Amino acid sequence: MEQQAPVQMLAMGCDDETCSFRAMQLQRRPVGDYDVLIDMKYCGVCHSDVHIAANHLKAISDVIYPIVPGHELSGVVEAVGSKVTKFKIGDKIGVGCMVDSCMECASCKVGREHQCKKQLGGIGTYGAQDKFGRAAQYPATRPDPKDPNKTIKTPTIGGYSTKMVVYEHFGIRIPPDFPLECAGPIMCSGITMYDPLKMYAAGPGKTVGVAGLGGLGVMGIKLAKAMGATVMGISRNQNKKELSLSAGAAGHISVSDSKQLSEGAGTMDFILDTIPTKHDLSIYTKLLKPGGKVIVLGLCPEMITAHISDAILGGRSNAGASLIGSVANTEEAIALCDKADPKILPEIEVRPVTDLTEIYQKLIDSNESGKRYVLDLEGCRDKPFFS
């Protein structure tokens with residue numbers, strides 16, 4: 001049934017670049033004809049959340065505070081609009097990095113919403129502004145923090161919250177038996193890895209390198225192996241060798257070991273580079289077979305330069321970049337994880353929302369555990385923290 005009133009919710013947001021999170025009482029827009037209301041259970045914490053909330057990308061896009069991050073949402077359908085056909089009440093549902101796109105351009109029409117010609121990457125799940133009418137917030141406008149005499153469209157509010165309203169097309173079907181606490185990371189790390197693995201035909205006879213063994217890289221190893229490829233983990237030193245092998249890698253290369261680099265030279269068809277900080281791409285391109293490519297996935301300066309150089313060379317550069325993936329491929333990724341025996345699950349650590357500021361500091365320092373932190377939204381609803 002369509003709800004005419006805004007949806008009340010609790011959220012965790014921060015007011016500035018220090019990322020000191022606090023509880024907020026906010027609202028979602030009323031549920032429209034094609035909207036789905038989600039009772040949120042979990043939300044993963046992505047390293048890119050840190051980059052955005054801390055305004056590390058200020059030169060590209062300045063953050064409007066306060067901000068509520070989170071694009072690894074998982075929950076249960078609480079209500080649906082009168083014209084919704086994709087979901088019913090009680091279904092498991094996820095939301096990833098985008099909540100809308102133009103739905104009209106050539107990319108959107110073939111199911112590549114993240115490559116929307118009118119809004120590259122689609123409308124972000126948080127910190128973005130409604131452009132096509134399906135990502136509206138409540139209230140629709142708010143004072144401009146740079147000029148109180150002006151108003152701006154209210155930026156999208158992310159998944160560190162107890163409720164979510166999303167246009168049905170951008171909801172992700174979660175298989176009934178897939179654990180909800182593990183589903184959120186598939187919406188980001190899972191699809192971020194699966195999309196290039198599918199594009200570059202990972203499978204039997206292919207050797208795939210995965211550089212950077214945080215939550216993103218570990219998920220990449222598991223997916224590449226499930227698709228039949230031989231996988232090599234790559235990190236700065238030997239500290240994550242066991243993590244790499246336990247995730248399914250056939251071997252491990254430490255880039256600080258010149259002998260290992262020499263032995264690995266020219267052996268890989270492509271490399272998924274998940275490193276989220278500035279680094280030297282030439283170290284990794286030397287590991288490629290002729291015609292191979294390093295695909296930069298981490299939010300770092302190399303992503304921009306790789307994307308530009310690959311575009312200039314018509315896709316023939318030995319380095320390129322990839323951004324998230326489509327709704328359809330996200331559903332393919334979680335279906336692959338669900339059907340595997342045993343199921344492919346991200347390495348996670350479920351934490352209460354009260355730990356959020358601490359979690360951000362751990363990610364800033366370096367995620368040595370390789371785990372994805374997941375916020376337990378269900379466990380916080382009745383605690384005095386939100387009073």
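The values are calculated or read from the model by the stated rules, or taken from the named source; none is laboratory data. Everything numeric in this text was worked out from a predicted model, so none of it was measured. Note: ideal-geometry Cβ built from the backbone for every residue, glycine included; neighbour counts use all protein chains shown. Heads up: the accessible areas ignore ligands, DNA and RNA and are worked out on the full protein's heavy atoms, side chains in. Shrake-Rupley method; radii C 1.70, N 1.55, O 1.52, S 1.80 Å.
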Of the residues in region 259-284, those that are assigned to a helix (DSSP H, G or I) and farther than 28 Å from L57 by Cα come to K259, Q260, L261, S262, E263, G264
Output the number of the condition that P196 fails; it satisfies all remaining conditions of (1) closer than 20 Å to L287 by Cα; (2) touching a Gly at 6+ places or on another chain (Cβ under 8 Å).
-> (2)
Scan region 17-48 for residues that are more than 25 Å from T141 (Cβ to Cβ), out of contact with any helix residue (DSSP H, G or I) (no Cβ under 7 Å at 6 or more places or on another chain) and open to solvent by less than 50 Å² (accessible area, probe 1.4 Å) and jot them down.
-> D39, S48
Could you grab me the full set of residues in region 256-274 that are surrounded by fewer than 19 Cβ atoms within 10 Å (Cβ to Cβ) and hydroxyl-bearing (S, T, Y)?
-> S256, S258, S262, T267
Give region 275-288 a look and list any residue that's in contact with an Asp or Glu (Cβ under 9 Å, 6 or more places away or on another chain) and loosely packed, with under 14 Cβ neighbours inside 10 Å, or say none.
-> K278, D280
Name, by its number, the condition in (1) over 28 Å from E242 (Cβ atoms); (2) under 16 Å from the mean Cα position of the chain (by Cα); (3) crowded, with 24+ Cβ neighbours inside 10 Å that does not hold for A135.
-> (2)
Expected output for region 75-92 (first residue in a strand (DSSP E or B), partner aromatic (F, W, Y), Cβ below 7 Å, 6+ apart or cross-chain) is V77/F87; V80/F87
Qualifying helices (runs of 4 or more DSSP H) (wholly inside region 151-258; at least 1 residues being over 22 Å from the mean Cα position of the chain (by Cα) and not polar (S, T, N, Q)) | 241-247
Taking the options S61, S74, S82, name whichever one is surrounded by 17 or more Cβ atoms within 10 Å (Cβ to Cβ) and hydroxyl-bearing (S, T, Y).
-> S74
Given the conditions (1) open to solvent by less than 10 Å² (accessible area, probe 1.4 Å); (2) touching an Asp or Glu at 6+ places or on another chain (Cβ under 8 Å); (3) not in a strand (DSSP E or B), report the number of the one that C102 does not fulfil.
-> (2)
